[in-house]
Structure formats: C-alpha cells, structure tokens
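The values are calculated or read from the model by the stated rules, or taken from the named source; none is laboratory data. Computed from a predicted structure; not experimentally measured. All Cβ positions, glycine included, derive from the backbone under ideal geometry; neighbour counts span all protein chains shown. SASA here: full protein model, heavy atoms, side chains in, ligands and nucleic acids out. Shrake-Rupley method; radii C 1.70, N 1.55, O 1.52, S 1.80 Å.
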Protein chains: 2
Amino acid sequence: MTARLQLDAADDHLEHGVRERRFDLDRDGRHVPGMLWTPAGGAGPRPLVLLGHGASGNKRQDYVVSMARRLARHRGFAVASIDGPVHGDRRPAGLESDAPTVFLHFAQVWSSDDAMTDEMVSDYAVTVDALQALEEVGEGALGWWGLSMGTILGLPFVAAEKRMSVAVLGLMGLTGPTRARIEADAPKVTCPVLFLVQWDDELFARESAFALFEALGSADKRLHASLGSHGEVPDEEFVASEGFLARYLGAGSS
Amino acid sequence: MTARLQLDAADDHLEHGVRERRFDLDRDGRHVPGMLWTPAGGAGPRPLVLLGHGASGNKRQDYVVSMARRLARHRGFAVASIDGPVHGDRRPAGLESDAPTVFLHFAQVWSSDDAMTDEMVSDYAVTVDALQALEEVGEGALGWWGLSMGTILGLPFVAAEKRMSVAVLGLMGLTGPTRARIEADAPKVTCPVLFLVQWDDELFARESAFALFEALGSADKRLHASLGSHGEVPDEEFVASEGFLARYLGAGSS
C-alpha cells in the first residue's frame with residue numbers, strides 16, 4: 001500500500017507549545033483529511049493517540065482539539081484525528097454542512113454493510129503508518145480515544161489493530177445498523193479499556209451500553225457513568241481519559 | 001446528649017507522619033470503639049472523613065487503615081472509623097471473631113427493624129461531634145467513604161447528616177432486609193457522590209446497584225464499575241476515591 005502524506009504548510013501553527021497541523025493522505029484513490037498535534041520541537045518516538053470524532057462533528061471540532069492539546073501539552077504525546085465518512089473535508093461538494101444535516105446524512109450511510117467500517121479501519125491503519133514515519137512522531141505506543149461514532153468506527157479499528165495499547169470507548173451500545181459487526185468485534189478488543197456511559201443517554205440506552213461493555217474481550221476494563229444526556233460528557237471524564245491513556249502509554253519524549 | 005471521649009494513650013503511634021490512635025466514646029450507656037488518624041503535629045480545623053468498614057471487617061482492617069493513612073498523609077485530612085454492630089470491639093464476649101462467623105452474625109442481626117441503622121447513624125453523629133471538638137481536628141468539612149456494609153449503614157447517615165459535603169458509596173444495591181430504609185433514604189442523599197460497583201458482584205447484583213445509584217437524590221453523582229467479585233475493588237478506585245473526596249473537601253491544614 002503506497003500512501004502519500006502531505007502536511008499543509010499554510011495550516012500549521014503553534015498554540016501554547018503544541019504544534020497543530022492539517023494533513024492530507026492519499027492512497028489508492030482514497031483521500032484522508034486529518035489533523036496532527038505534536039509537542040513543539042523534539043523528536044520521537046513518542047506515543048500516538050488517535051481521536052475519533054462524533055457524528056455531525058469533524059476532525060477539528062472543539063472537544064477533539066481540546067483533548068488533543070491536553071494530551072500533547074501535558075503528556076508529550078502525538079495526537080491525530082481524521083474526518084469520518086460524510087464529515088468535515090470528506091463532505092461531498094454542494095452539500096450543507098450544518099450539524100443536523102450531517103447527522104442525518106451519517107444516519108443514512110450508516111448501513112449494515114461492512115464497507116464503511118472496513119474503509120475507516122483501513123484509513124486509520126494507513127494514518128498510523130504515515131504519521132509514525134515522521135521524525136517527530138516515531139514508532140511509539142498506540143492509543144485510541146473515540147466516543148459515539150468514534151466507537152462505532154473506532155471499536156472495529158481497536159479490535160483489528162495489533163499495535164493498540166489502550167482505548168477509551170463509549171457513548172454507544174449493542175445497537176444500530178452495524179450491531180452485528182460491533183458484536184463480532186467487541187470480543188477481539190483485548191487492550192485495557194475505559195468505557196464511558198451517559199446515564200441519561202437519549203440516543204443509546206444505558207442497558208445497551210452495559211451489554212457492549214460486557215462483550216469487550218479485555219481482561220482489564222472499567223466503566224464510568226456520568227449523569228446527563230449523550231452530549232453532556234463532563235470535563236471530569238476528559239481528565240480521567242487523559243490519566244487513563246497516560247497510565248498505559250507511558251511518558252512522551254520531548 | 002453528653003458523650004465522653006477517651007483517647008487510648010497505650011494505642012497511639014506515628015506511622016510515616018500520620019498519628020494513629022484508638023478511642024472509646026461512651027454516652028447514654030452506649031459504647032463506641034473507634035480509630036482516629038491525623039497528620040502528625042499541626043492544629044485544625046481540617047476536613048474529617050469517616051470510613052465505614054464492610055461486614056466481617058472492623059475499624060482497623062487493612063483497607064480501612066490504608067485509606068485512612070492515604071487521606072491523612074496525602075491530603076492532610078483527619079480520618080476516623082468505628083466498629084459496626086457485632087464487629088470488632090463491639091463483639092459480645094465469648095463469640096468467635098473469625099470473618100465467616102462475624103459475617104453470618106451480621107446477616108442474622110441485619111433485620112428490617114430500623115433500630116440497628118438508627119443506632120449507627122446516631123453513633124456516627126456523636127463521633128463527629130466528639131472528634132471535631134479536638135484541637136487537631138476542628139470543625140472542618142465532612143466526608144464519608146463506605147462500601148457494602150459501609151453503605152448499608154453509611155447511606156442513612158449521609159442522608160441524615162446535613163453537614164456532609166461528599167460521599168463515596170457502593171458495593172450495595174436496592175436489596176436486603178433494610179431495603180425499604182435504603183430506598184427511603186437514597187433520595188435524601190444530596191451531596192456529590194462517587195458510587196462504586198463490582199461488575200461481577202456475587203452478593204449484590206449490578207442491576208440492583210444501578211437501581212440504588214439511580215435512586216440517589218444527588219444532582220452531582222457518577223458511577224465507576226470495575227471487573228471482579230465483591231471483594232476485588234481495584235487499587236484504581238481507592239486512588240479515585242482519594243481524588244474525589246479531596247476535590248470536594250479542599251485542602252487539609254497542616
């Protein structure tokens with residue numbers, strides 16, 4: 001598989017010690033738009049954490065950027081995110097990009113077909129390879145953080161990726177069009193997992209989330225449930241996510 | 001209510017900067033045996049955390065002592081525990097004190113009658129008053145930590161105690177002989193709560209624990225579930241307990 005990584009010199013800036021860059025990855029006619037965060041200066045290898053955004057969001061939505069900066073600044077990690085299907089810079093030209101429209105569009109393309117999942121799993125693997133070839137990233141430990149759509153697409157990636165050391169998943173259950181795929185992949189997740197649940201989740205009932213947590217193959221897993229709706233994950237769990245990832249990824253080099 | 005506090009000079013020692021003392025409290029013909037941990041030297045006021053031990057344990061069993069030293073040493077808190085009914089130094093003379101026997105004995109006295117619960121709630125309140133009168137404790141913020149029997153008896157205390165700022169509860173559900181009392185008191189718990197669940201709890205099924213968490217009146221509550229049986233609470237949750245209590249109790253004076 002030959003992939004070409006282009007780092008966008010026009011979208012590259014420093015923010016309190018964290019370098020934030022847009023990139024594009026092209027291979028086999030498929031285009032992957034992404035973001036890369038690294039501690040300013042200093043070479044790798046360092047841990048790399050992939051962040052999966054939620055439906056209607058994109059690779060640089062607020063909580064993704066916030067989580068990325070937190071991990072790069074506090075822990076010295078490299079962090080990356082890519083747009084999901086029909087999201088961000090993968091949105092077909094001419095279509096509206098407001099959140100409700102994108103959400104509905106994702107609901108339409110979220111079919112029981114394995115193609116969307118397989119393509120994203122492949123995109124993530126290629127992204128890891130391309131970014132780890134950069135001197136400032138290097139071949140360090142690998143982690144995943146993704147809730148909701150970031151679990152719908154991320155859990156299959158975590159299940160398939162033998163290099164994965166740790167994952168934060170959640171806001172999702174054994175439900176939806178790809179339920180069979182999620183159910184088949186969950187036992188293949190064997191790295192340490194922190195699974196987040198919103199007690200009053202209006203999209204994915206907590207019983208369904210508990211069933212997905214139960215199905216995970218990891219011998220080292222824990223579940224944190226917080227009050228509130230799907231979108232109300234408290235800051236406490238972003239802090240817990242950072243600590244959990246760091247516990248298994250070790251220290252970043254600087 | 002007049003209570004007489006006696007600190008035992010023969011059972012008073014320093015352990016890595018933490019003073020550990022046995023005490024006895026007598027009032028109205030009722031005897032309350034307890035332990036007090038305080039940072040060595042320094043006057044209060046400082047936060048006071050009460051620890052409730054589990055069935056078959058006692059006021060100075062390993063995890064109680066460990067939690068107490070952690071809170072006194074790392075956070076500067078005063079910490080206390082007292083023996084539960086038919087436990088520790090409250091055990092009637094002549095009865096065996098091995099764990100299985102004490103466990104069975106508690107199961108026998110754990111009746112639907114409110115007396116046992118009311119007496120323990122009163123013992124805890126009197127203990128707080130007596131200890132806060134000590135110069136090295138003082139009238140600081142109040143916290144609770146107690147799992148299993150420490151929730152069976154502690155939840156009614158947390159519900160009744162208006163001074164309570166924060167509580168860690170868990171390993172218990174809406175079940176058992178005092179279910180009606182627990183169910184009536186749960187909505188009266190209004191302070192921030194961390195509720196711990198063991199996913200494979202063989203004594204209290206997780207569905208029952210989820211129901212108790214749901215019933216708590218606190219607007220600020222979260223649930224952490226860990227793999228393993230009733231007795232297998234991981235160190236991770238003792239660390240989380242310390243951080244959670246400290247978040248709401250603030251810093252201890254030194």
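Which one of these is part of a helix (DSSP H, G or I) and either within 21 Å of A:T127 (Cβ to Cβ) or open to solvent by less than 10 Å² (accessible area, probe 1.4 Å) (or both): A:F195, A:F157? Spell out how you get there, then give the answer.
Numbers: A:F195 fails: part of a helix (DSSP H, G or I).
That would be A:F157, the only listed residue that is part of a helix (DSSP H, G or I) and either within 21 Å of A:T127 (Cβ to Cβ) or open to solvent by less than 10 Å² (accessible area, probe 1.4 Å) (or both).
So, restricting to strands (runs of 3 or more DSSP E) that lie completely within segment B:4-111, which ones have at least 1 residues that are out of contact with any strand residue (DSSP E or B) (no Cβ under 6 Å at 6 or more places or on another chain), open to solvent by 20 Å² or more (accessible area, probe 1.4 Å) and without any contact (Cβ under 8 Å) to a residue 12 or more places away in the chain? Working first, answer last.
Details: elements: B:4-15, B:18-27, B:30-39, B:48-52, B:78-82.
Filter on segment B:4-111 gives B:4-15.
Confirm whether B:R181 is in contact with an Asp or Glu (Cβ under 8 Å, 6 or more places away or on another chain), charged (D, E, K, R) and assigned to a helix (DSSP H, G or I). Can you show your working first?
Values: in contact with an Asp or Glu (Cβ under 8 Å, 6 or more places away or on another chain): yes; charged (D, E, K, R): yes; assigned to a helix (DSSP H, G or I): yes.
For B:R181, the condition - in contact with an Asp or Glu (Cβ under 8 Å, 6 or more places away or on another chain), charged (D, E, K, R) and assigned to a helix (DSSP H, G or I) - is met.
Hey, among the residues in segment B:192-203 that are under 21 Å from the mean Cα position of the chain (by Cα) and free of Cβ contacts under 8 Å to residues at least 40 places away in the same chain, which one's farthest from the other protein chains (Cβ to nearest Cβ)? Spell out how you get there, then give the answer.
Pass one, segment B:192-203, residues under 21 Å from the mean Cα position of the chain (by Cα): B:192-198, B:201, B:203.
Cutting the leftovers down to free of Cβ contacts under 8 Å to residues at least 40 places away in the same chain gives us B:193, B:195, B:197-198, B:201.
On the way: B:V193: 10, B:F195: 9, B:V197: 8, B:Q198: 11, B:D201: 13 Å.
For segment B:192-203, the residue satisfying everything is B:D201.
For segment A:198-223, name all the residues that are in a helix (DSSP H, G or I) and surrounded by fewer than 22 Cβ atoms within 10 Å (Cβ to Cβ). Steps first, please.
Applying the first criterion (in a helix (DSSP H, G or I)) to segment A:198-223 yields A:206-215.
Those that are in a helix (DSSP H, G or I) and surrounded by fewer than 22 Cβ atoms within 10 Å (Cβ to Cβ): A:R206, A:E207, A:S208, A:F210, A:A211, A:E214, A:A215.
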Checking B:S226 against (1) more than 10 Å from every other protein chain (Cβ to nearest Cβ); (2) of a type outside the set (K, R); (3) over 18 Å from the mean Cα position of the chain (by Cα); (4) open to solvent by less than 20 Å² (accessible area, probe 1.4 Å): exactly one of these is not met. Which one? (1)
Conditions (1) of a type in the set (G, A, S); (2) touching a Ser or Thr at 6+ places or on another chain (Cβ under 7 Å); (3) closer than 14 Å to A:L131 by Cα -> A:A3 fails only (2)
B:P177 passes all but one of (1) in contact with a Phe, Trp or Tyr (Cβ under 7 Å, 6 or more places away or on another chain); (2) open to solvent by less than 20 Å² (accessible area, probe 1.4 Å); (3) more than 25 Å from A:F238 (Cα to Cα); (4) not β-branched (V, I, T); which number fails? (2)
Within segment A:112-135, considering residues that are of a type in the set (A, V, I, L, M, F, W, C) and over 24 Å from A:L203 (Cβ atoms), the one surrounded by the most Cβ atoms within 10 Å (Cβ to Cβ): A:L131
Here the qualifying pairs (Cβ atoms under 8 Å; residues six or more apart or on different chains; first in segment B:167-183 and in contact (Cβ under 8 Å) with a residue 40 or more places away in the chain; second of a type in the set (V, I, T) and open to solvent by 10 Å² or more (accessible area, probe 1.4 Å)) come out as B:L171/B:V233
Take A:A167 and decide whether it is hydrophobic (A, V, I, L, M, F, W, C), away from chain B (no Cβ under 13 Å), open to solvent by 10 Å² or more (accessible area, probe 1.4 Å) and outside any loop (DSSP other than H, G, I, E, B). no
Taking segment B:11-62 on its own, how many of its residues are at pLDDT 95 or above, among the basic types (K, R) and under 21 Å from B:I152 (Cβ atoms)? 2
Hey, A:S253 modelled with pLDDT under 95 and either open to solvent by less than 50 Å² (accessible area, probe 1.4 Å) or in contact with a strand residue (DSSP E or B) (Cβ under 8 Å, 6 or more places away or on another chain) (or both) or not: yes
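Filter segment A:136-153 down to residues that are assigned to a strand (DSSP E or B) and either surrounded by fewer than 24 Cβ atoms within 10 Å (Cβ to Cβ) or of a type in the set (D, E) (or both), then give me how many there are. Steps first, answer last, please.
Initially, segment A:136-153 is screened for residues assigned to a strand (DSSP E or B), giving A:142-146.
Remaining after also requiring either surrounded by fewer than 24 Cβ atoms within 10 Å (Cβ to Cβ) or of a type in the set (D, E) (or both): A:142.
Matching residues across segment A:136-153 total 1.
Could you grab me the full set of residues in segment A:6-39 that are of a type in the set (A, V, I, L, M) and over 12 Å from A:I82 (Cβ atoms)? Full working, then the answer.
The initial filter retains those residues of segment A:6-39 that are of a type in the set (A, V, I, L, M), namely A:7, A:9-10, A:14, A:18, A:25, A:32, A:35-36.
Within segment A:6-39, A:L7, A:A9, A:A10, A:L14, A:V18 qualify.
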Looking at segment A:205-214, is at least one residue within 20 Å of the chain's Cα centre (by Cα), at pLDDT 95 or above and more than 9 Å from chain B (Cβ to nearest Cβ)? yes
Name the pairs whose Cβ atoms lie under 9 Å apart, with the first residue in segment B:114-132 and farther than 15 Å from B:D185 by Cα and touching a residue at least 24 places away in the same chain (Cβ under 8 Å), the second in a helix (DSSP H, G or I) and not hydrophobic (A, V, I, L, M, F, W, C), and 6 or more positions between them or separate chains? B:Y124/B:G154
